[in-house]
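Below you'll find the structure, written out as structure tokens, and then a few comments.
The values are calculated or read from the model by the stated rules, or taken from the named source; none is laboratory data. Since we're looking at a predicted model, the values are computed, not measured. When we count neighbours, we look across all protein chains shown, and the Cβ atoms used for this are built from the backbone with ideal geometry, even at glycine. SASA here: full protein model, heavy atoms, side chains in, ligands and nucleic acids out. Shrake-Rupley method; radii C 1.70, N 1.55, O 1.52, S 1.80 Å.
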Amino acid sequence: MPPPPLTPSDGTDRLTEVEAYYDRVPRATATAESHGPFTLFVADEDSGFGFYARPTLGGTAGFTPDDVTAVLATQRSRDLPRAIEWVDEVTPDLLPAARAAGHEPHRYPLLVLAGDADVEPDPRARVLAPAEPHLALAVGAVHAGFTGTDDVQRGDPGSRPRLMEQGDLVVVASFEGGRLRGAGSASPRGAVAELMGIAVPPGHRHRGHGTAITRSLVAACRERGVATVFLTAGSDAAADIYRRIGFVDVATACILTVDD
């Protein structure tokens, strides 16, 4: 049975929660700086994360092409990732400003798990401990999954163990025959958590590992008292997988990245 749709009021409330969450999460491993109508998040050294600029939470200023050009130039001058992220329905004037500045952002489905969706953990996927060796392999598996290779190299966990110890990060990996096949994470903050970086290397796809990781992440977040679980799907095909679990479309996430 498909999940019940969120009502308009539910959708608005969820987006308010999501916006506050987006402003809060990077601050655990980054410095927040004001740049015009944007907040620029600058990752701490050796954090293992790369951040972006976002519309300032609660800001009322509109966005112009010059604003977009200026913040991207600041990121470039400081050797930071040239990236801006936002929710289209929350900041509708940023997309035309970005396009007028000569950039075409990627647009992705933003989905929230229906509150009454029954999601049980999958026994193939489990929560990793901060100090276990599988964490470095999970980092490598996610990187391999997103770059489309089966050559999984152990990755640098960066600040992940500390965040896991604090309860600010949950990492789940899926196994088959005792071997790690994919991983993903979530960052609980109070009653809200985003599922992120769910990836399986190409040679292990279509065996249910992505679904197993997602289900076990949801269960782990709910065990920690999270009421609102959301994610951004990398494609409509990926979104269909999440919809079958119980996620519902509520908005469109925009991600603008500029490569030199």
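Side notes on the structure shown:
- Where Tyr108 falls short, out of the listed (1) modelled with pLDDT under 95; (2) out of contact with any Lys or Arg (no Cβ under 8 Å at 6 or more places or on another chain): (1)
- Consider the stretch 127-139 and keep the residues that are in contact with a strand residue (DSSP E or B) (Cβ under 8 Å, 6 or more places away or on another chain) and under 24 Å from Ala191 (Cβ atoms). The one that is most open to solvent (accessible area, probe 1.4 Å) is Val127.
So that you can scan it fast, the table gives a plain yes or no per residue for (1) surrounded by 15 or more Cβ atoms within 10 Å (Cβ to Cβ); (2) at pLDDT 95 or above; (3) farther than 28 Å from Ala98 by Cβ:
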position: Gly178; (1), (2), (3): no, no, yes
position: Ala183; (1), (2), (3): yes, yes, yes
position: Val192; (1), (2), (3): yes, yes, no
position: Val229; (1), (2), (3): yes, yes, yes
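- Taking first residues from the stretch 207-219 that are open to solvent by less than 10 Å² (accessible area, probe 1.4 Å) and partners that are aromatic (Phe, Trp, Tyr), the Cβ contacts under 8 Å between residues at least 6 apart in sequence or on separate chains come to Thr214/Tyr242.
- Conditions (1) over 18 Å from the mean Cα position of the chain (by Cα); (2) open to solvent by 30 Å² or more (accessible area, probe 1.4 Å): number failed by Pro81: (1)
- Within the stretch 27-36, considering residues that are touching a helix residue (DSSP H, G or I) at 6+ places or on another chain (Cβ under 8 Å) and outside any loop (DSSP other than H, G, I, E, B), the one surrounded by the fewest Cβ atoms within 10 Å (Cβ to Cβ): His35
- Near pairs, Cβ below 7 angstrom, 6+ apart or cross-chain, from the stretch 74-94 (of a type in the set (A, V, I, L, M)) to any residue that is assigned to a strand (DSSP E or B) and open to solvent by 60 Å² or more (accessible area, probe 1.4 Å): Ala83/Thr257
So that you can scan it fast, the table gives a plain yes or no per residue for (1) touching a Pro at 6+ places or on another chain (Cβ under 7 Å); (2) among the hydrophobic types (A, V, I, L, M, F, W, C); (3) outside any strand (DSSP E or B):
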| residue | (1), (2), (3) |
| --- | --- |
| Gly145 | yes, no, yes |
| Asp150 | yes, no, yes |
| Pro157 | no, no, yes |
| Ser187 | no, no, no |
| Leu195 | no, yes, no |
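- Check on Thr39, open to solvent by less than 60 Å² (accessible area, probe 1.4 Å) and either in contact with a Leu (Cβ under 7 Å, 6 or more places away or on another chain) or in a strand (DSSP E or B) (or both): yes
- Test result for Ser159, hydroxyl-bearing (Ser, Thr, Tyr) and in contact with a helix residue (DSSP H, G or I) (Cβ under 7 Å, 6 or more places away or on another chain): no
- Scoring Val171 on the criteria (1) over 16 Å from the mean Cα position of the chain (by Cα); (2) assigned to a strand (DSSP E or B) leaves a single failure, condition (1).
- Residue that is nearest to Pro26 (Cα to Cα) [pool: residues in the stretch 53-76 that are assigned to a helix (DSSP H, G or I) and in contact with a Pro (Cβ under 8 Å, 6 or more places away or on another chain)]: Gln75
- Test: residue in the stretch 98-118 that is more than 30 Å from Arg243 (Cα to Cα), in a helix (DSSP H, G or I) and open to solvent by less than 30 Å² (accessible area, probe 1.4 Å): no
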